[in-house]
1. Whether any residue in region 81-92 is more than 17 Å from Ser27 (Cβ to Cβ), modelled with pLDDT of 90 or more, touching a Leu at 6+ places or on another chain (Cβ under 6 Å) and in a helix (DSSP H, G or I) is what I want to check.
2. I'm checking my understanding of the structure. Among residues of region 412-432 that are part of a helix (DSSP H, G or I) and touching a strand residue (DSSP E or B) at 6+ places or on another chain (Cβ under 7 Å), which one is surrounded by the fewest Cβ atoms within 10 Å (Cβ to Cβ)?
3. Quick one: Leu76 ticks every box in (1) free of Cβ contacts under 8 Å to residues at least 40 places away in the same chain; (2) surrounded by fewer than 17 Cβ atoms within 10 Å (Cβ to Cβ); (3) within 17 Å of Thr28 (Cα to Cα) bar one, so which box is it?
4. Looking at (1) modelled with pLDDT under 85; (2) surrounded by fewer than 20 Cβ atoms within 10 Å (Cβ to Cβ), can you tell me which one Leu170 breaks?
5. Every residue in region 528-550 that is surrounded by 21 or more Cβ atoms within 10 Å (Cβ to Cβ) and outside any helix (DSSP H, G or I), please.
6. With the structure loaded, tell me whether Ser120 is out of contact with any Cys (no Cβ under 7 Å at 6 or more places or on another chain), over 15 Å from Tyr189 (Cα atoms) and either crowded, with 17+ Cβ neighbours inside 10 Å or not assigned by TED's automatic domain parsing to the domain that holds Ala187 (or both) or whether it fails that test.
7. I'm checking my understanding of the structure. Among residues of region 109-159 that are polar (S, T, N, Q) and assigned to a helix (DSSP H, G or I), which one is nearest to Val499 (Cα to Cα)?
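The values are calculated or read from the model by the stated rules, or taken from the named source; none is laboratory data. Every value quoted in this text rests on a predicted model; they were computed, and no experiment measured them. Neighbour counts run over all protein chains shown; Cβ positions are idealised from the backbone, glycine included.
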Amino acid sequence: MDKQVRLFLLHLMSLLIVFTHGAAASSTCPMDLSYVASIPWNTSICRGHFDKDHCCDTLRSVFAIGLAELLKDTHLFYLPDANTSSACLHDFTRRLSALSISQNMVPLCFPNPSRFVFNSSACLGIRTTQDWNFRVDRNTPLYSTCNKDLKDKTRCRVCSEAAHTLTEKLTAFDPNADAKRCFYYIALYAAAVVNPFGTTDISTTSCILCLEHDVVVHGSSHGVELWKLGFALLGVVIGVVLAFVMIVVYRKWDKRKKQSVHHREIENKVRACVLPNAGAKWFRVEELERATERFSRKNVVGQGGDGVVYKGTLSDGAVVAVKEIYYLEGKGDEEFCYEVEIISKIKHRNLLALRGCCISSDDLEGKRRFMIYDFMPNGSLSDQMCSDGANRLTWPQRKKIIFDVAKGLAYLHYEIKPPIYHRDIKPTNILLDSKMNAKLADFGLAKQGSEDESHLTTRVAGTYGYVAPEYALYGQLTEKSDVYSFGIVILEIMSGRKVLDVLDSSACLITDWVWTMTESGKMEEVFDLSIREGQEKIMERFVLVGMLCSHLAVASRPTIVEALKMLEGVIDIPKLPERPMPLGHESFQSSLLHGLQRSA
């Protein structure tokens, strides 16, 4: 009897949905759901004796294809209201019925039609792709990992990991955000915008939207007959088969021999680019596998657009960070060698030194390139400043970190010939050892410059918010470009705020906010709450140096050596020049974004 009651209730819910759609005649579904009958998804999952959870997961993935297509066409992530959502679910029910799937499945799997209606509290208020672009950094790994053919399992896994990492970052901004909804937003964006193969392509639906596809086996009886015929003729063709096998074996042996020679040539080439006095050790892949427990996911301590970093323990007990470089088919050995050569030239207590390298090539894994560094137990400055991390940093620690970064930059700019410009100074690239000594890391974007003149380039690199305006707009790269980024970092450390504060629309960029507070005579409000009771005069000097270093006008910025002397109090800080146009000004931001997009 209970079973009959449940079936009656499901029929009643189905009729209520149909009635609701009829009543809301003014609402039509903006989604074209014709793909439901044309894409090769496994409809048998929802027929016969089916698993409810498995069926519902599948139907959500099928429906997500329509939402992704809607996002692609209208730039809207979800549906505008409940009536529109109900209209789409009604159309979805009708198309499933044409595939012999019960109408009861939609109300069973989608009991709340409003789940596909925009909710401002779901994920940082993201409603459109414009909102997304404002809140999500273009350098996030999602853009570089999900824009491939994802039929390859390894690429699909890396794309999925990038989506989960981005979910953690978004929910970290707003603890009240729904992690599941944020992940759904990311999946829709990856399918509609990032992946170039289209929302109904198997590469997109199977990996990003987790849809199980139908596998149809044709001609099975014909295959059996072929096997019988093959066995009957086996005695006749055995000699030919053996000869063929011998030829194949020989060719494989010859191919492996050539690959081995090619691998040695590559290894010699990479070895040649490391300076003899760098002290870097050459590791074997097997050593790194043992150190990282076969590159276990639990040992991942960092991930970026160009690689993933694992924590590992070598056989001698040394704890190291192992960075595996991604996407060598696009990056090439030349850029890998360039980065290794750059790092092998530097030797300073405030720069992360290269401990070793590893290269390998084989048929199964393809090209693999690794860089090994000493492990930094206190993570990055960004880790210390996330959530309540900024409150854990004392004033002496903040002051020392600023001094350490300045000294490392001064070494790069003035103690190496030709000088080296880092081009990506930001909290995530400032690592902290067990004694909270700061070390500037990640030289993947570093560039050697000329000693006496600026360098012009059409390929601008760096992170939005930290890139100097003249570099982003005109490609003019000088030591002052790094000084600008350093100034931004000073202001972040002193205030505990991020360079882009998405939670406070009245002060998006930290430079605008600091200038406003300073001009209003509220300098003390710039200091992080945990350090306000301290050496106010010295802290004020640090803020003024940060403002000067991040000044819009290149000529107004000091060199890093001058900035260091100002921080130490050796020389006076000049009067701040007139405040430039706020960086948050709409016209300036439009030009800056255009410059960055042009160079990407």
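1. Our first condition is that a residue be more than 17 Å from Ser27 (Cβ to Cβ); within region 81-92, this holds for none.
No, the conditions are met nowhere in region 81-92.
2. So the first thing to find is which residues in region 412-432 are part of a helix (DSSP H, G or I), and the list is 412-414, 427-429.
Filter again for touching a strand residue (DSSP E or B) at 6+ places or on another chain (Cβ under 7 Å), leaving 412, 427-429.
Working: Leu412: 25, Pro427: 20, Thr428: 16, Asn429: 25.
The qualifying residue surrounded by the fewest Cβ atoms within 10 Å (Cβ to Cβ) is Thr428.
3. (1)
4. (2)
5. Correct list: Ser550 only.
6. Numbers: out of contact with any Cys (no Cβ under 7 Å at 6 or more places or on another chain): yes; over 15 Å from Tyr189 (Cα atoms): yes; either crowded, with 17+ Cβ neighbours inside 10 Å or not assigned by TED's automatic domain parsing to the domain that holds Ala187 (or both): no.
Answer is no for this residue.
7. Filtering region 109-159 down to residues polar (S, T, N, Q) leaves 112, 114, 119-121, 128-130, 133, 139-140, 144-145, 147, 154.
From the residues that got through so far, the ones that are assigned to a helix (DSSP H, G or I) too are 114, 129-130, 133, 144-145, 154.
Details: Ser114: 36, Thr129: 21, Gln130: 19, Asn133: 16, Ser144: 23, Thr145: 25, Thr154: 34 Å.
Among residues in region 109-159 that are polar (S, T, N, Q) and assigned to a helix (DSSP H, G or I), the one nearest to Val499 (Cα to Cα) is Asn133.
Yes/no matrix, rows are residues, columns are (1) within 11 Å of the chain's Cα centre (by Cα); (2) among the aliphatic types (A, V, I, L, M):
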position: Ser120; (1), (2): no, no
position: Leu124; (1), (2): no, yes
position: Asp149; (1), (2): no, no
position: Ala163; (1), (2): yes, yes
